[in-house]
Each structure stands twice: as structure tokens, then as C-alpha cells.
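Provided herewith is a single structure, encoded as C-alpha cells, for subsequent inquiry.
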Amino acid sequence: MRKELEYRVPPQRPSHPVAVPAPPTPGPPRHRPAPSLRDRTRYWVDRTVVKGMTTVAGWLALVCLAVVAPASALLVWTDSRSPDTVQGKMATVWRTVGQTLRLGGEVGPPLRIVLSVLLALVSLLYVSTLVGLVTTAITDRLSELQRGQSTVVERGHSLVLGWSEQTPTLVAELLAAHAQRRNSAVVVLADRDKLDMERELRAVVTAAGVRRVRLLCRRGRPADPAALARVSPAAAGAVVVLPPDTPEADTQVVKTLLALRAVVGDVRPVRVVAAVRQTRHVATARLAAGPGAVVLDVDGIAARILVQCVLEPGLSRVLEDLLDFAGAELHVHRVPGLCGRTFAELRAACADACVVGLVRPDGSPLLNPPPRTVLGPGDAVIVLAEDETPPTWHETPPTWNATPPTQDETPPTWNAPPAPPLPPPSPAKAPTAADIRAAPRRVLVLGWNRRGPEIVDGLARNGWETVREESLPAPDPAHRVLVLGGPDDHPDPDEYTLVTLLRLRAAEHEAGRRTLTVAELTDAHHRPLAPAGPHTDLVVGGWLVGLLMAQVSQTAELAAAFDELFSPAGNAVRLRPATDYVPEGTEAPFAMLIEAAGRQGATALGYRPGDSRVPLLNPPKTGARRWSCEDTLIVVATAETLQPHEGPARPAHTPILP
């Protein structure tokens, strides 16, 4: 037999005396106020409603009779034209009640009255049921429209599949791209509430100021073929697949691409642009997308842009302006009348755009080709222009004149090689690009994520040494600092970047020296919060990829062109002092700098004034200005052309774009 153990809790003595409250003094009982008539009525109504529909209908009939019958009797008894007898007045009252409540109102034998009431009830039941069915159908249809379950019947629209933090940016760029088209639309399909999507994108539509373009949101899983068929992907002009903000984002992209091929088929393929977050999933996504599709590697593009920004300080703002549709962007035009002209002639004959390169008939780009390259049959011209309107071409290139810096100097002759650049300025002046190129090629890396190895490898291929720092280094103008986002598993990777930038700014203020810094951000909303100085480049990789997807979705030929522009070893976008092409103090139009840069194997896209951080892409070619060593020329050129003393760069990574 088991014995139960008995535990006794020993009494505990408090270390300090505890005051015990005195018992309440007995008094007269408190009187609670009686519930009011309104409270009792509401309570009775609540109890009656919960009893069911029959009870509610019965009470409704009694209430109606209690109101209608006395009112009808009063109306009849006060009418001078009513019958004189009581029986006649009662019959009139009954007729009035029946007409008011739609109960027939017949008089005569009881059977006739009962049958009229029965017919009136049947009629009331039929009408009520019909009204209820129609109301329910309309309500269901409105609910379906609010849920985003209706079918989209559009042609030539841009279709966005999936939702991520880049969706508002991508939609804004697509709206801007469709602004000059008639009867165009942008459709978004995502597994989110339709009203929430419209509410979040309403600010984008308002900021874009586009009224002619329809923005349609539909709810559904992009990987579901049934939901995908409702947005007419086969009739779309372009389909953009975004990776969601989930750990299995790349898997969802692959499923969406498979569902897209199942709905559209391979007979009539559409222009597809997709993005995956990790490089190891690019090959699988390309197999799922099929031939002709463009799959972007978010990590790879972000790593290559960071490498370029380290090599070219101040490049991030230029790339943003080049990728968005707000200002000048790249366009592809085929002009049969230009066949047979050389690239140098095309560059000089284009009046309102900057000629960047050519596109061969097989789709391969040729950026910044040699000046004697001839435009052949079937070739297209890549230009930097404000919109899709074809640029204006001069039959005879205009002749430009330049004003020499001073009267003692010989005016520059533009048929001869340009004057050599000025010697480096004195140490008292701000460092120029020449000083930066001559500085030690070392990058201090703060922070680490999965893009770190590819960034280090890209810098090493370009002859730069990288040093990972665990602690904050002392400000040194001879080095450059690269701040990467926090660990990949961190809920907010930008937290480390913001804190590190804050500490760097404090250290620079204390030491009185500044360091060229490139910082990586994952969320564009954190950009205004970053404590960035004039020597800091903020690179939002995901946002730039969203801009790139919008560009490629509208012009497929630009995919390979951007792949080369994002390669640090190829024909990339570079920043060089204007005095590398014209003597300091020369007063000349921008067209003359285009000609001078072309003689040195570069293609000029614009410039950045020395007193501003805002680049000017495709500026007016007319109108002379005075060029100084503080002005920066934005060119497309190879590293060997601009930096021969550094030696040839190693081959870049595998192309990110097909």
C-alpha cells in the first residue's frame, strides 16, 4: 500500500512588520440605481433578436400593425368622405391597412379576405426572395472585385508577379515608362489583400503623376496557374517576377516561372524578366523561365555595383539616374537612313542624345566601339535620351568653337590630340580623381554577409587589396572603407550599417579627416536616416535591381548592355576630371567634350559640376561653360583606356544577364 507523503510549509516570519488592514466598518447597504427604461428596452430587444428569425418577424408584424392600424383608423374617422356606418368605416380601415402593408385589403366574406391575405403573403415572399437573391449576387460580385478575383482583359500591359519591398519602386518606373503610351496598363498579382496593395501603391501613382495609365491589382498566388490565367499573361507586353521577402524567395520565383510556362506555353513566349536573391539559384531559374527570359542575380548585381562604387567614388548617384525613367535613360533605335555611317559620325550627328553604342542583328551589344566602326544593315543604335522619341540626326555634323583659357595660351585645336591634363593640385586643394587613383589601393571592409566573398574577389580582380576590420579603424584618406550590411539572418541588416556610419562620422569629426566610404543598404526607406557625408556613397542594391528590371522589361536588348556596364573590367561607367580632356579654364560646349573624349577612346554621357553632387546626364550639347578641375565627366570606357598605368584588369565574373 502506497503512503502519501504529507508536506507542510513552515510558517514564514516577515523581516519587517506588515500592516494588516482593518476590517471594513459595517454600514447600511449601498443602493444601486435601477436600470433606466432605455437600458431595459435595449436588453429586451437583444434577447428577442437572439431567439431567431421567426420571433423577429412576428414582433415586426405586431409593431407594424400597432402603428399602421391606429393611424389608418384615425385617417378614416377624420375623413368626411368615409362611410357613415361603423361597418363601412372598419372595412375602409382594413383596406387602408392592407394597402399599406401589401396584404391585399379585400373586403367581403371571410374566405375572400383570407385568400387575399394569403396571395399577398406569397407575393411578398416571392418579391423578398428575388430581391434577396439579386442583392446577394451583387454583394458577392462586389466582394469578388474587392478581393481582386476578377479577370483582367488587357493587351500589351506590364504584369508584375509577386510582392516585395521593390514592388512600389518597380511599379513607379513602369508607370513612368507607360506614360507616353495610349491605352496602357500595369497589373500586379500578389498574394496580398487587394485594398492593402492599392493603398500602398496609391502614393506611388500620386508621386508619378501619371493619369493615363491604369493600375490594376489582383489577389492570388503567382505560382497558381488558375490565378495566373486571370491576369492574361499571354497578352502581356512584359512579365516581371519579383522574389518575395521570405526565406524561400528563390523557390517561389522558380515555381512562378514554371506556372507561367504552363499557362503561356512555349509557342508564343512573352518577355520575362525575373530576379533571384542568391547566385546559386540563377541556373535553376533560367531553366524554369525558358529560352529568351532574363534572370537577374540580385546578390551578384549588388556585389558588382559595390565594387564599381569603390573603384569610382560618387558613382552610385550616376547609376541611379541612369536606371530610372525620371531623366535620361538608354533607348534602342533602328534608323535605316544611318546605315554606312561610322560610330564617330553618329556620335557627332546626334543633336539631342548621346550615342553610347550599337546593337548587332544577333542582339549582342557593342558599347563604346572604335570610332571607325560602321553601322551595318540590321544594326541598332543605343542612345541616352529623355524618352522613347527618336533623336534628331544632322546630315552634316556641326562645327564647334572653343574659347581658350587666357590670351597667352594657344586656343585648343580640336583636330589635334587634346592638351594633356593639368598636374595634380597642391595639397591644400581638395583631392581630385588623379590623386585618388595614385593613392594606395586598399579597402577596409566593415561587416560581412553572403555577398562579401564575391565583393572581395571582384576587388582583387581589379588589383585592390581588401582587409576585414572587426573594429572601427582610424580615418585615413589613403584608404577606402566599405560597410556591408549585417548578418544575413538579422531581421534588420541595415541596423549595423547605420550604426557604423554614425561612428565613422563621429571619428572623422574628431580626427578632422575624411575617408571615402561606400555603404550598403537593403531598404531604400533607411536612406534618409543614414548619416552620410559628401564622401559617402549609399548603395541600395535591391532598389537598383528593381530599376534595372523595369528598364530590361521595356527594352530586352538592354539586358546585355547593362551586363557590360556593370562589369568593372569592361566598358563601364566611369568618372574622370574634365581636365583630362580639355585644359582647365576652357570655355566650350558639352559637344566638344564628347569629341575630345572620343579621341581618347571614351564615350561621354554627361558631367557633374564641381559645386554639385547631382550628375547631369545627356545635357544640352550647345551652350558653352567654363570647365575646371573640379568638374567631373561621366564616360563609358574601359579600365585599360583610362588607367593604363594600373595594368589590365582580370576577367570579370560570369555574366549576370544572359
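So which residues in region 515-530 are open to solvent by 20 Å² or more (accessible area, probe 1.4 Å) and either in a helix (DSSP H, G or I) or of a type in the set (Ser, Thr, Tyr) (or both)?
THR522, ALA524, HIS525, HIS526, ARG527, PRO528, LEU529
Next question. Assess whether ARG211 counts as being in contact (Cβ under 8 Å) with a residue 24 or more places away in the chain, open to solvent by 30 Å² or more (accessible area, probe 1.4 Å) and part of a loop (DSSP other than H, G, I, E, B).
For ARG211, the condition - in contact (Cβ under 8 Å) with a residue 24 or more places away in the chain, open to solvent by 30 Å² or more (accessible area, probe 1.4 Å) and part of a loop (DSSP other than H, G, I, E, B) - is not met.
Can you name every residue in region 353-366 that is charged (D, E, K, R) and at pLDDT 90 or above?
Matches in region 353-366: ARG360 only.
With the requirement that a residue be in contact with a Leu (Cβ under 7 Å, 6 or more places away or on another chain) and closer than 19 Å to THR622 by Cβ, what does region 343-388 give you?
If the condition is that a residue be in contact with a Leu (Cβ under 7 Å, 6 or more places away or on another chain) and closer than 19 Å to THR622 by Cβ, then LEU346, ALA353, CYS354, VAL355, LEU384 are the ones that fit.
Which one is nearest to SER471 (Cα to Cα), of the residues in region 499-509 that are hydrophobic (A, V, I, L, M, F, W, C) and surrounded by 17 or more Cβ atoms within 10 Å (Cβ to Cβ)?
Going through the qualifying residues, I end up with LEU504.
Out of the residues in region 470-483 meeting the condition of being charged (D, E, K, R) and surrounded by 13 or more Cβ atoms within 10 Å (Cβ to Cβ), tell me which one is nearest to GLY542 (Cα to Cα).
ARG480
Just one of GLY486, GLY512, GLY533, GLY542 is modelled with pLDDT under 90 and open to solvent by less than 10 Å² (accessible area, probe 1.4 Å); which is it?
GLY486
Contact list please: Cβ distance under 7 Å, first residue in region 466-479 and among the small types (Gly, Ala, Ser), second residue at pLDDT below 85 and open to solvent by less than 40 Å² (accessible area, probe 1.4 Å), pairs at least six apart or on different chains.
That search, which allows pairs on different chains as well, returns ALA478/ALA439.
All but one of (1) part of a strand (DSSP E or B); (2) buried (at least 23 other Cβ atoms within 10 Å of the Cβ); (3) touching a Lys or Arg at 6+ places or on another chain (Cβ under 9 Å) hold for GLY357; state the number of the condition that does not hold.
(3)
Further, regarding this structure: Being within 29 Å of LEU287 (Cα to Cα) and surrounded by fewer than 21 Cβ atoms within 10 Å (Cβ to Cβ) narrows it down to one of PRO233, PRO243, PRO225, so name that one.
Every option except PRO225 fails the conditions.
Please enumerate the residues belonging to region 84-112 that are of a type in the set (A, V, I, L, M) and either modelled with pLDDT of 75 or more or open to solvent by 30 Å² or more (accessible area, probe 1.4 Å) (or both).
Answer for region 84-112, where residues must be of a type in the set (A, V, I, L, M) and either modelled with pLDDT of 75 or more or open to solvent by 30 Å² or more (accessible area, probe 1.4 Å) (or both): VAL86, MET90, ALA91, VAL93, LEU101, LEU103, VAL107, LEU111.
Here's a follow-up. What about ARG505, is it more than 30 Å from ILE382 (Cβ to Cβ), part of a helix (DSSP H, G or I) and of a type in the set (Lys, Arg)?
When the stated conditions are applied, ARG505 passes them.
Go through region 280-336 and count every residue that is part of a helix (DSSP H, G or I) and in contact (Cβ under 8 Å) with a residue 12 or more places away in the chain.
30
Can you say whether GLY570 is at pLDDT below 85, surrounded by fewer than 23 Cβ atoms within 10 Å (Cβ to Cβ), under 30 Å from ARG280 (Cα atoms) and not polar (S, T, N, Q), as far as the supplied structure shows?
Yes.
How many of the residues making up region 545-567 are open to solvent by 10 Å² or more (accessible area, probe 1.4 Å) and either within 19 Å of VAL160 (Cβ to Cβ) or not hydrophobic (A, V, I, L, M, F, W, C) (or both)?
The qualifying residues number 7.
When you go through VAL171, VAL188, VAL204 one by one, which is the residue that is outside any helix (DSSP H, G or I) and within 30 Å of THR389 (Cβ to Cβ)?
Only one candidate passes the filter, namely VAL188.
Do we find a residue being within 20 Å of PRO222 (Cβ to Cβ) and either surrounded by fewer than 11 Cβ atoms within 10 Å (Cβ to Cβ) or modelled with pLDDT under 70 (or both) anywhere in region 151-160?
Yes: one or more hits.
Which residue, of VAL231, VAL240, is modelled with pLDDT of 90 or more, under 20 Å from GLU200 (Cβ atoms) and assigned to a loop (DSSP other than H, G, I, E, B)?
Answer to the check: VAL231.
State all residues of region 370-386 that are closer than 26 Å to PHE325 by Cβ and either at pLDDT 90 or above or open to solvent by less than 50 Å² (accessible area, probe 1.4 Å) (or both); if no residue qualifies, say none.
Across region 370-386, the qualifying residues are ASP379, ALA380, VAL381, ILE382, VAL383, LEU384, ALA385.
Turning to a different aspect of this structure: Suppose we filter ARG286, ARG271, ARG334, ARG277 for residues that are of a type in the set (Lys, Arg) and under 23 Å from PRO370 (Cα atoms); which single one remains?
Criteria check complete, one pass: ARG334.
The values are calculated or read from the model by the stated rules, or taken from the named source; none is laboratory data. The structure presented is a predicted model; accordingly, all values stated were derived computationally and were not measured. Don't worry about glycine lacking a Cβ; one is built from the backbone with ideal geometry, like all the others, and counts go over all protein chains shown. Note: areas computed on protein heavy atoms with side chains; ligands, DNA, RNA excluded. Shrake-Rupley method; radii C 1.70, N 1.55, O 1.52, S 1.80 Å.
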